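First comes the structure, then the notes that go with it.
The values are calculated or read from the model by the stated rules, or taken from the named source; none is laboratory data. Values in this document were obtained by computation on a predicted structure and should not be read as measured data. Positions of Cβ are generated from backbone atoms using ideal geometry, with glycine treated the same way; all protein chains shown enter the neighbour counts. For accessibility, only protein heavy atoms count, side chains too; no ligands or nucleic acids. Shrake-Rupley method; radii C 1.70, N 1.55, O 1.52, S 1.80 Å.
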Amino acid sequence: MEQPLWTPSDTRVTSTRLWDFIQSVNHDYQLSINSYEELWQWSIDHAELFWSQVWSYTGIVSSWQSDVTLADGDRMPGARWFPEARLNFAENLLRWHDDHPAIVFCGEDGRRSELSHAELYQRVAALAVSLRRQGIKAGDTCAGFMPNVPETIIAMLATTSIGAIWSSCSPDFGINGVVDRFGQVKPKVLFTTDGYIYNGKRLDSLAKVAGIVREIDSIEQLVVIPFLDEEPDISAIDGAELLDNYSDPSVTEIDFEQLPFDHPLYVMYSSGTTGVPKCIVHSAGGTLIQHLKEQVLHTDIGRDDRFFYYTTCGWMMWNWMVSGLATGCTLVLFDGSPFAPKPAVLWDMAEQEKISVFGTSAKYLAALEKADVKPRDSHDLTALKAVLSTGSPLSHESFEYVYRDIKADLQLSSISGGTDIVSCFALGCPILPVWAGELQCRGLGMAVDIFDDEGRPLREEKGELVCTRPFPSMPIRFWNDPDGQRFHDAYFAQFDNIWAHGDYGEITQHGGVIIHGRSDAVLNPGGVRIGTAEIYRQVEKVEEVLESLCIGQPWQDDVRVVLFVRLREGITLDEALIKQIKTTIRANTTPRHVPAVIVQVADIPRTISGKIVELAVRQVVMGQSVKNKDALANPEALELYKDLPELQA
């Protein structure tokens, strides 16, 4: 009989904030909730009471609390949360003013710096006043073309303290990719470093930034943070100023603008591989309360935690991570390659900084196992209590790898949601067991279900992941979408008044969730729907394969499965290896999952945030053009898929 990989001890369960939250709900509403399942059901049936309880339990700072929790609660989109409340996002992240470390920064080149909560507050105050003097006001936009350094957080907090909107891209984006994004939202101030370091290389940003400033005429001020050099030469860019010259350290207080709950906070971007990226606008209140719920209750983060997520500023996990400041914990930032100068570099940092919550991607964990890294044997990870993984589905094998080779006693949370909701639909739970291949639970207050094509709920069967009731972190709108039509078409066209997320998944017998891939990448050979993750999971077991990508190719009035594989150095795909891959897939799935064709490729194209792009590859294979290659980290890889003789009729 199948056993969970991890079960929290009774002592651990009763010491969690989630357990404490259950007691507070029971006390305040005279209930006797005794399990996560019962709490989740209550949070759906009594959403207004639940979100009001989260507000008070997490201590959200506001100048005016709302008597009304939800208005127009029957409308999706259109529901309004806490419509009378007034608050400021940055004020909530800067509520601590003591010497407790707020941010520790570690660079790939070995540099380390630290800021206390008090120092962070002062740095934000000095910058916020300069933005106000610049004329920045609520509703304006400021942007960051920044690596994952403390100054990115400082710039975001200074911007949002005024009620201005923050948007960011990582510096590995090309000029066109940045202009496609920032050119739509028209920032007045752009923050950048002079460059960044990745995989041992010093990479200049100023030449790119000069091009960006020329292309986007809304930019009134460029603020440069020295990173590669202490005194970078910025004379070639008109009006550029170094951060220390722009800020005013004599100002030590922040005037936090008090704004409605649904005031815009962030503009995030869709991946943009099928056209110009969609600009998704998220609210200050919705982002704050959702992140506090996920971090305090689902991840059990508090003041004593040291919280790390490997991310760039162009991925929503950066926005998710920085909200950890509102819990009073210490954020640990890393910028650089996770494998430079050696594969265990992040675990060296985890040991040194006593990281308690370690966040990463499924791709990283799979690569770590392939590199034969075993932190459990080589590192002291006593402080580590949770590992989080997202970006793509985490395979059963990676679940087992974490418990075998990283640490036996920890909460492994595969989490899933996305940029669209700047948060999660399904994630971890510190009081539930962990089952291989499953996300532990549906998020509290998130009415997540799996529907068939007719909109009927499914259990232990695959279908469309939906959310049937409003939630606070739903985007408020798309940018430049005055009638809301594009917003409606993106999420609400498939099922009336129901959010369809575009993920293909199932709800398991344990109440957990499995994501089988994106709905638009689902394979359909012989009319049978197959999630690409089902195939990737099997291929990952083959030692010779480093990574793979799968598409459905229209073929003789049907669809055939085509698998592309990137192999270890020096290995060539021969008949024996093809047979091994097919046998591995067939033995653990069905004959329909077995690829009709397997092709060796030198590289697999990915977005800058590391997600493989099945749709773009399918377009190339079918002879169509890919509209927006600037969204890709390695656009040249697409050339490898053109006119392949193996795929011709």
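Table for the structure above
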| quantity | calculated |
| --- | --- |
| Listed residues Cys329, Phe261, Val345: farthest to the positive end of the dipole of the stretch 260-357 (Cβ charges) | Phe261 |
| Probe 1.4 Å, accessible area per residue of the stretch 407-492, Å² | 33 Å² |
| Shape category assigned to the stretch 461-612 from the gyration tensor of Cα positions, a/c cut at 1.5 | prolate |
| Residue-normalised accessible area of the stretch 1-127, given per residue in Å² at a 1.4 Å probe | 48 Å² |
| Ordering of 559-568, 119-128, 12-21, 323-332 by packing [mean C-beta count within 10 Å, highest first] | 323-332, 119-128, 559-568, 12-21 |
| Rough spin-label spacing in nm, given labels placed 7 Å along Cα→Cβ, for Asn634 and Asn245 | 4.0 nm |
| The chain: relative contact order in percent, alpha carbon pairs under 8 Å with at least 6 residues between | 13 percent |
| Net +/- balance of residues flanking Pro635 in space, Cβ distance below 13 Å, scoring K and R +1, D and E -1 | -1 |
| Fully extended contour minus Cα-Cα distance, from Ala371 to Asp481, at 0.36 nm per residue | 35.0 nm |
| For the chain, share of DSSP beta bridges that run antiparallel, in % to the nearest 5 | 55 percent |
| Computed over the stretch 471-530, Kirkwood Rh from alpha-carbon pairs, angstrom | 13.9 Å |
| Shape of the stretch 323-442, Cα gyration tensor, a/c cut at 1.5 | rounded |
| Centroid-to-centroid separation of the stretch 380-407 and the stretch 587-612 [C-alpha atoms, Å] | 23 Å |
| Reachable lysines from Lys582, criterion Cα separation under 27 angstrom, eight or more residues apart if same chain | Lys363, Lys370, Lys462, Lys541, Lys611, Lys642 |
| Per residue accessible area of the stretch 234-333, 1.4 Å probe, in Å² | 27 Å² |
| Arg566 versus Gln509: modelled label distance in nm, points set 7 Å from Cα along the beta carbon direction | 3.8 nm |
| Estimated distance in nm for a label pair at Lys579 and Thr382, the labels positioned 7 Å out from Cα along Cα-to-Cβ | 5.3 nm |
| Portion, in percent, of the accessible area of the chain that falls on carbon or sulfur, probe 1.4 Å | 47 percent |
| The stretch 1-160 shape via C-alpha gyration tensor axes, a/c threshold 1.5 | oblate |
| Under 16 Å from the Asp233 label point (7 Å along Cα→beta-carbon), backbone N, the stretch 159-202 | 194-195 |
| Residue-count net charge about Ser63 - beta-carbon cut-off 11 Å; Lys, Arg +1, Asp, Glu -1 | -1 |
| Alpha-carbon centroid distance for the pair the stretch 35-92 / the stretch 483-500, whole angstrom | 23 Å |
